[in-house]
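The values are calculated or read from the model by the stated rules, or taken from the named source; none is laboratory data. Everything numeric here is computed off the predicted structure, so don't read it as measured data. The area values use the complete protein model at the heavy-atom level, side chains included, leaving out ligands, DNA and RNA. Shrake-Rupley method; radii C 1.70, N 1.55, O 1.52, S 1.80 Å.
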Amino acid sequence: MKTLLRRRTLWIAVNLLGMAVYLKLASALWVVSGEEGMPRGPGDAFYWLFFLVPVLAAFTLVNSMALLIILGRFRRNGGRVALAVWFAVAVLWAGTVVIDHQRQVIDAEFS
């Protein structure tokens, strides 16, 4: 039981660190206050593809594997807490991506 709690805590901590790293990397693409509506540089798409997509892909893969393990245990033991924690982390990741997308918005005139 103690090992399971340690693994769960580590998994949550790694995810929170991943969210912080993602937001730090994503902040390079955010519109600077006072420059809303200005066109962004042509390299932004490459930055997004080579820096942000791999972070999201890695955490999506790891968290999907974690979900499969949790669902397997859920069928055997009914571990509702692990499933609830997984959904909470998934909601936090969704919020992280929403924050990023909100900060990247430019006027439709320039997109």
Out of curiosity, is Val85 β-branched (Val, Ile, Thr), part of a helix (DSSP H, G or I) and open to solvent by 40 Å² or more (accessible area, probe 1.4 Å)? no
Checking Ala88 against (1) under 17 Å from Asp100 (Cα atoms); (2) under 16 Å from the mean Cα position of the chain (by Cα), which single condition isn't satisfied? (1)
